[in-house]
Amino acid sequence: MIYQENGQLKISYRADQQIFPILQDRWAVLAILALAFAGIPMLADEYLFRAILIPFLILSLAAIGVNILVGYCGQISMGSGAFMAVGAYMAYNAYVRIDAMPLIGALLVGGASATLVGMFFGIPSLRVKGLYLAVATLAAQFFCDWAFLRIGWFTNNSSSGSVSVSNLDVLGWTVSSPLEKYLFCLSFVVVFALIAKNLVRSAIGREWMAIRDMDVAATVIGIRPMYAKLSAFAVSSFIVGVAGALWGFVHLGAWEPSAFSIDRSFQLLFMVIIGGMGSIMGSFFGAAFIVVLPIVLSQLVPALGALVGLSISTAAVSHIEAMVFGALIVWFLIVEPHGLAKLWSTGKQKLRVWPFPH
Amino acid sequence: MAEAPGKRTHWDFNWRSANGFKGGTMAFFLETLLGGLMAGMLYSLVALGFVLIFKASGVFNFAQGAMVLFAALAMARFAEWAPAWFGFESKFLANLIAFALAAALMFVLAWLIERLVLRHLVNQEAATLLMATLGITYFIDGLGQTIFGSDIYRIDVGMPKDPAFVLESVFEGGVLVNLEDVYAACLAALLVALLSLFFQKTVTGRALRAVADDHQAAQSIGIPLNGIWVVVWCVAGIVALVAGIIWGSKLGVQFSLTTVALRALPVIILGGLTSVPGAIIGGLIIGVGEKLSEVYLGPYIGGGIEIWFAYALALVFLLFRPQGLFGEKIIDRV
């Protein structure tokens, strides 16, 4: 009864095809946007921006990218960390080497470079499928780890591959305080989420999903697998690359290749699976879960230890955190293998029929 | 490799050329080849654990590396503690008891994983199962280091550490062979032989093969699936234990041991996810490829290429045979 779409008649194709066809959804999205742009800046403090909100936003963006590849096109990729690294380092190069390069231009160059690299490493997907492909994408991860550590050109010949960026400047607006960084990332995320949402419900998005559901059948009905798979790799790695550039420029400021190690790839994959494969909304849920969980655990474990009168060493705390994290992931996969997005849609259905059982 | 002398590993023979080695290129090539074969044998040992589990349950077990570390930690620490617990001195006895205890621990772990995780995830998508084993990886890593500590420990099962020179009559200076590697490779070969006997000749082994062929058909003739999975994870646990002992006594038992799993991944996709002989042959190809590339290609494009070169090599093979060298042919039906 609460979430009731009865009576909302569509009288034109335009109205029928719009991005949020249900009135309540449109209001909800507007409310979330208002909260994100106006409410949170008034409420949150500096720690919240730095430790939770900015990482959450950037990783949501990356998760959207990975979700397009893994969730919509069905190509499991364990090399997303590498595409983030490509985005970050190439954006750095564009920013440092080219005079008067605007910040947004540099970030987009990072995304474009990641696109090229992603398409190159996506070529095996035309021949290799499933878990074989998943392992093969690790080649991208290890190659990029190696390249940014060993090839001096990428890092302006800095030792150990660490680089730093300062003076983030967008059309005269200097992005320096956590609040400004938050708003900057938020604008990127909103724009890209909108693009992604529109892409996945367009013709190309339906091609991706057809390939995911069964690629032979998709080929039979006239979908070109090469075009569909490579475009998924391209779009996905563009978004992931921009997210990587943001992660380096805005969140870290100074970084080295280990910021984009294989653990980052796994983290992104966790976000997609826990958030829900094939759901843009789910990417946000997954990113929130994975960003917040370790922070909660690192606060909770010593507190619990103190409660029972144990003082736990920092090493032990990190090990116990790893255990709890792993156990929670497994538990979560058992309870809801389709991710948080599925819980969300179940909840919507419940609201729709409430107070009746069916 | 010249810029990182501290990183020299046991099977890295490159240093001899830098130290005025005069044995000639043929002998040097042979040395590299042998070193690669030995290293490859060790990779296949880890790869074997992956293949066993994937064959029987369709689970791509990312936790194999964590299991290797866990088993090695258990082995190292029990060998340290056993003399104090039972009041004896003998090192052999300590190792024996440690092995038995570590094996028992792996059994318990296998049973728990089947009971608490796999049973609840039957028929889920491959990606979900993969992520579940990643979760298990975190858990086992944390558990092992919480119980056994996170320093570097030693496993001493009496493997010889000295290098030996063979074929001295053919080449000046002979060909250097690491005796430790030879022992390890023999052990690995023995384990593989035992496993194939187990699979071919015992009733349990036959049941395992039946499950691997077709879950439903196996179940319909009364083979208990859950029991079989426990057995497979146990066998994989024992394989992890042997791999952990060998790798641990070579490199020391420490967290970085888990990365051998990442080294073994190209081996299994090269050999085929479902093939035991594939794991062996794949291991040998990857081992040799890594060493040759590091020695002959490394100087031109920079050191440290072996980790990604292994993946690139596996990919080249996959482009010709997408299911790996010995994997079952993938047939797509609409």
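Quick check on this structure: which one of A:G347, A:G309 is more than 11 Å from chain B (Cβ to nearest Cβ), under 25 Å from A:I64 (Cβ atoms) and at pLDDT below 90?
Checking each option against the conditions leaves just A:G347.
Return the residues of segment B:82-111 that are exposed (fewer than 15 other Cβ atoms within 10 Å of the Cβ), assigned to a helix (DSSP H, G or I) and either touching a strand residue (DSSP E or B) at 6+ places or on another chain (Cβ under 9 Å) or at pLDDT below 90 (or both); say none if nothing qualifies.
Correct list: B:A84, B:W85, B:F86, B:K91, B:F92, B:L93, B:L96.
Kindly establish whether A:G248 is within 14 Å of chain B (Cβ to nearest Cβ) and farther than 25 Å from A:A136 by Cα.
It is false that A:G248 is within 14 Å of chain B (Cβ to nearest Cβ) and farther than 25 Å from A:A136 by Cα.
If I filter segment A:191-211 down to residues being among the small types (G, A, S) and touching a helix residue (DSSP H, G or I) at 6+ places or on another chain (Cβ under 9 Å), which single residue comes out as farthest from A:F238 (Cα to Cα)? Let's see the steps before the verdict.
Step one: of segment A:191-211, the residues among the small types (G, A, S) are A:193, A:196, A:202-203, A:205, A:210.
Next cut, touching a helix residue (DSSP H, G or I) at 6+ places or on another chain (Cβ under 9 Å) only: A:193, A:196, A:205, A:210.
Details: A:A193: 13, A:A196: 11, A:G205: 16, A:A210: 22 Å.
Looking at residues that are among the small types (G, A, S) and touching a helix residue (DSSP H, G or I) at 6+ places or on another chain (Cβ under 9 Å), I get A:A210.
Take A:V200 and tell me if it is buried (at least 18 other Cβ atoms within 10 Å of the Cβ), in contact (Cβ under 8 Å) with a residue 12 or more places away in the chain, among the β-branched types (V, I, T) and touching a Gly at 6+ places or on another chain (Cβ under 9 Å).
The answer is yes for A:V200.
In this structure, is A:L103 of a type outside the set (G, A, S), modelled with pLDDT under 90 and touching an Asp or Glu at 6+ places or on another chain (Cβ under 9 Å)?
Spelling it out, A:L103 is indeed of a type outside the set (G, A, S), modelled with pLDDT under 90 and touching an Asp or Glu at 6+ places or on another chain (Cβ under 9 Å).
Output the residues belonging to segment B:286-313 that are under 27 Å from A:G152 (Cα atoms), among the aliphatic types (A, V, I, L, M) and surrounded by fewer than 23 Cβ atoms within 10 Å (Cβ to Cβ).
Selection gives B:L292, B:V295, B:L297, B:I301, B:I305, B:I307, B:A312, B:L313.
When segment B:297-313 is examined, which residues are found to be of a type outside the set (F, W, Y), at the interface with chain A (Cβ under 7 Å from one of its Cβ atoms) and closer than 17 Å to B:I268 by Cβ? Before the answer, list the steps.
Keep residues of segment B:297-313 that are of a type outside the set (F, W, Y), which gives B:297-299, B:301-307, B:310, B:312-313.
The next check asks that each one be at the interface with chain A (Cβ under 7 Å from one of its Cβ atoms); those that pass are B:302, B:304-305, B:307, B:312.
If the condition is that a residue be of a type outside the set (F, W, Y), at the interface with chain A (Cβ under 7 Å from one of its Cβ atoms) and closer than 17 Å to B:I268 by Cβ, then B:I307, B:A312 are the ones that fit.
Given the condition more than 10 Å from chain B (Cβ to nearest Cβ), within 21 Å of A:Y227 (Cβ to Cβ) and in a helix (DSSP H, G or I), answer yes or no: does some residue in segment A:122-141 qualify?
Looking for residues that are more than 10 Å from chain B (Cβ to nearest Cβ), within 21 Å of A:Y227 (Cβ to Cβ) and in a helix (DSSP H, G or I), one finds at least one in segment A:122-141, hence yes.
Quick check on segment A:336-343. Is at least one of its residues farther than 16 Å from A:Q267 by Cβ and facing chain B (nearest Cβ under 10 Å)?
yes
Just wondering, is there one or more residues in segment A:108-119 that are of a type outside the set (A, V, I, L, M, F, W, C), away from chain B (no Cβ under 14 Å), more than 20 Å from A:L268 (Cα to Cα) and not in a loop (DSSP other than H, G, I, E, B)?
Among the residues of segment A:108-119, not one is of a type outside the set (A, V, I, L, M, F, W, C), away from chain B (no Cβ under 14 Å), more than 20 Å from A:L268 (Cα to Cα) and not in a loop (DSSP other than H, G, I, E, B), which makes the answer no.
Could you tell me how many of the residues in segment A:312-335 are over 18 Å from A:A288 (Cβ atoms), more than 8 Å from chain B (Cβ to nearest Cβ) and among the β-branched types (V, I, T)?
Residues in segment A:312-335 being over 18 Å from A:A288 (Cβ atoms), more than 8 Å from chain B (Cβ to nearest Cβ) and among the β-branched types (V, I, T): 3 in total.
Kindly establish whether A:A63 is aliphatic (A, V, I, L, M), surrounded by 13 or more Cβ atoms within 10 Å (Cβ to Cβ) and under 15 Å from the mean Cα position of the chain (by Cα). Explain how you work it out, then say what you get.
Numbers: aliphatic (A, V, I, L, M): yes; surrounded by 13 or more Cβ atoms within 10 Å (Cβ to Cβ): yes; under 15 Å from the mean Cα position of the chain (by Cα): yes.
Criteria met by A:A63.
Which residue out of B:V276, B:V334, B:V232, B:V316 is under 30 Å from B:F148 (Cα atoms) and either surrounded by fewer than 24 Cβ atoms within 10 Å (Cβ to Cβ) or modelled with pLDDT of 85 or more (or both)?
Sole residue among the options that is under 30 Å from B:F148 (Cα atoms) and either surrounded by fewer than 24 Cβ atoms within 10 Å (Cβ to Cβ) or modelled with pLDDT of 85 or more (or both): B:V232.
Take the conditions in contact with a strand residue (DSSP E or B) (Cβ under 6 Å, 6 or more places away or on another chain) and surrounded by 23 or more Cβ atoms within 10 Å (Cβ to Cβ) and apply them to A:G244. Does it pass?
Judged against the criteria, A:G244 is not a match.
Filter segment B:314-326 for residues that are more than 8 Å from every other protein chain (Cβ to nearest Cβ) and not in a helix (DSSP H, G or I) and give the result.
Residues satisfying the conditions are B:R321, B:L325, B:F326.
If we keep just the residues of segment A:191-235 that are in a helix (DSSP H, G or I) and of a type in the set (D, E, K, R), which is farthest from the other protein chains (Cβ to nearest Cβ)?
A:K197
Of the residues A:M271, A:M277, A:M214, which is closer than 26 Å to B:I331 by Cα and under 18 Å from the mean Cα position of the chain (by Cα)?
Details: A:M271 fails: closer than 26 Å to B:I331 by Cα; A:M214 fails: under 18 Å from the mean Cα position of the chain (by Cα).
The unique qualifying residue is A:M277.
Picking from A:F238, A:F188, which residue would you name as being under 23 Å from A:I19 (Cα atoms), more than 14 Å from every other protein chain (Cβ to nearest Cβ), modelled with pLDDT of 95 or more and touching a helix residue (DSSP H, G or I) at 6+ places or on another chain (Cβ under 9 Å)?
Numbers: A:F188 fails: modelled with pLDDT of 95 or more.
None of the others qualify; the one that does is A:F238.
So which of B:I268, B:I245 is modelled with pLDDT of 85 or more and closer than 19 Å to B:L69 by Cα?
B:I245
Which one of B:L143, B:L176 is surrounded by 13 or more Cβ atoms within 10 Å (Cβ to Cβ), modelled with pLDDT of 70 or more, touching a Pro at 6+ places or on another chain (Cβ under 7 Å) and not in a loop (DSSP other than H, G, I, E, B)?
B:L176
Filter segment A:247-269 down to residues that are aromatic (F, W, Y) and crowded, with 24+ Cβ neighbours inside 10 Å and give me whichever is modelled with the highest pLDDT.
Once the filter is applied, the top-ranked residue is A:W247.
Out of B:R115, B:R77, I need the residue that is out of contact with any His (no Cβ under 8 Å at 6 or more places or on another chain), within 14 Å of chain A (Cβ to nearest Cβ), basic (K, R) and in a helix (DSSP H, G or I). Which one?
B:R115
Which members of segment B:118-133 meet the condition of being more than 7 Å from chain A (Cβ to nearest Cβ) and either outside any helix (DSSP H, G or I) or more than 25 Å from the chain's Cα centre (by Cα) (or both)?
Scanning segment B:118-133 gives B:R119, B:V122, B:N123, B:E125.
Please name all residue pairs, on different chains or six or more residues apart, with Cβ atoms under 7 Å, provided the first residue is in segment A:70-83 and is more than 23 Å from A:R224 (Cβ to Cβ) and the second residue is in a loop (DSSP other than H, G, I, E, B) and not aliphatic (A, V, I, L, M).
Final answer for the pair search is A:G81/A:S261.
Looking at this structure, is A:F37 within 30 Å of A:A228 (Cα to Cα), touching a residue at least 40 places away in the same chain (Cβ under 8 Å) and not small (G, A, S)?
Details: within 30 Å of A:A228 (Cα to Cα): no; touching a residue at least 40 places away in the same chain (Cβ under 8 Å): yes; not small (G, A, S): yes.
No: the conditions fail for A:F37.
Considering each of B:G248, B:G298, B:G287, B:G282 in turn, give the residue that is part of a helix (DSSP H, G or I) and under 20 Å from B:L52 (Cα atoms). Step through it out loud before you land on a result.
On the way: B:G248 fails: under 20 Å from B:L52 (Cα atoms); B:G298 fails: under 20 Å from B:L52 (Cα atoms); B:G287 fails: under 20 Å from B:L52 (Cα atoms).
Among B:G248, B:G298, B:G287, B:G282, only B:G282 is part of a helix (DSSP H, G or I) and under 20 Å from B:L52 (Cα atoms).
Condition first: in contact (Cβ under 8 Å) with a residue 24 or more places away in the chain and assigned to a loop (DSSP other than H, G, I, E, B). Can you find one or more residues in segment A:266-274 that meet it?
Scanning segment A:266-274 turns up no residue that is in contact (Cβ under 8 Å) with a residue 24 or more places away in the chain and assigned to a loop (DSSP other than H, G, I, E, B).
Name the pairs whose Cβ atoms lie under 9 Å apart, with the first residue in segment A:121-146 and farther than 17 Å from B:G272 by Cα, the second at pLDDT 90 or above and among the acidic types (D, E), and 6 or more positions between them or separate chains?
none
The values are calculated or read from the model by the stated rules, or taken from the named source; none is laboratory data. Just so we're clear, the structure is a prediction, and the values are computed from it rather than from any experiment. In this analysis, Cβ positions are derived from the backbone assuming ideal geometry, glycine residues included, and neighbour counts consider all displayed protein chains.
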